[in-house]
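Report on the structure given below.
The values are calculated or read from the model by the stated rules, or taken from the named source; none is laboratory data. Since the model is a prediction, treat every value here as computed from it, not as a measurement. Cβ placement follows ideal geometry from the backbone for every residue including glycine, while neighbour counts extend to all protein chains displayed. Heavy atoms of the whole protein, side chains included, go into the accessibility calculation; ligands, DNA and RNA do not. Shrake-Rupley method; radii C 1.70, N 1.55, O 1.52, S 1.80 Å.
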Amino acid sequence: MQEMAHEFFRLPVEEKMKLYSDDPSKTLRLSTSFNVNKEKVHNWRDYLRLHCYPLEKYVQEWPSTPSSFKEVVSNYCKEVRKLGLRLEETISESLGLEKNYIKNVLGEQGQHMAINYYPPCPEPELTYGLPGHTDPNALTILLQDLQVEGLQVLKDGKWMAIKPHPNAFVINIGDQLQALSNGRYKSVWHRAIVNTDRARLSVASFLCPYDHALISPPKPLTEGGSGAVYKNFTYAEYYKKFWSRDLDQHCLELFKN
Ligand code: OGA
Ligand code: NI
């Protein structure tokens, strides 16, 4: 997967630009920064965004160069999905819920991928690769560049570097699991910084509730406390709101009770 990511971003600009779009509703696009039309400050990132589930529906629109891209990335997507679903089972159980609870609520989950490419940046103190944000989906499985650091997470008010670990993924809880668990699980604030001399790559796989999934905490998690922290919403409503704003405002806050 990492090789495919490198090879794709090594293609000539003219070749890559055929895929360029800043329209978030496109199911395949090469883009830059985060939300170029909405943000005030741009980020030092290019990214290829792919829809990955159901694979048969999307794979034909994926890049045909590098020539093994479709095959390698398809296999990667299938394995990552299995891992994500297993994690959702264990998270359900950890909340005292039935193993399939979260998977049932989220329904036939979508899967998106962002292949992030952060070129060397002459003035890294003036921007980010990605500014601090939480992921709007349920669960993110991140494959980090093993050679170049850049990911940081916010812990106890401080940004901490997450060193790449061989043969390991970084798992981010997203906004939907925070809402669904009534705040028991926290959607992690994270960001990517850039550096002057080395390009960095990362591959984020996002598991997303199906559009009409109703995100509402189960009864056992709202009883005995102060009730539901967030209003009930569908994932489609949430996602629309997410792309209509800049990253610096926490989208989940807009759904608080
Ligand atoms: C993302 C993300 C972090 C990274 O794509 O949402 O947070 O290390 N990426 O590239
Ligand atoms: Ni993220």
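The table for this structure:
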| quantity | calculated |
| --- | --- |
| Test: residue in the stretch 169-176 that is more than 12 Å from ligand 2 (Cβ to nearest atom), open to solvent by 20 Å² or more (accessible area, probe 1.4 Å), over 18 Å from Met1 (Cβ atoms) and in a loop (DSSP other than H, G, I, E, B) | no |
| Selection from the stretch 1-44 of residues that are of a type in the set (Lys, Arg), within 21 Å of Leu143 (Cα to Cα) and open to solvent by 20 Å² or more (accessible area, probe 1.4 Å) | Arg10 |
| Only listed residue being in contact (Cβ under 8 Å) with a residue 60 or more places away in the chain and over 25 Å from Phe242 (Cα atoms), chosen from Asp135, Asp145, Asp175 | Asp145 |
| Test result for Ser67, out of contact with any helix residue (DSSP H, G or I) (no Cβ under 6 Å at 6 or more places or on another chain), of a type in the set (S, T, N, Q) and farther than 20 Å from Gly129 by Cβ | yes |
| Single residue of Leu50, Leu55 found to be among the hydrophobic types (A, V, I, L, M, F, W, C), under 24 Å from Glu3 (Cα atoms) and within 16 Å of ligand 2 (Cβ to nearest atom) | Leu50 |
| Tyr128 vs. criteria modelled with pLDDT of 95 or more and part of a loop (DSSP other than H, G, I, E, B) | yes |
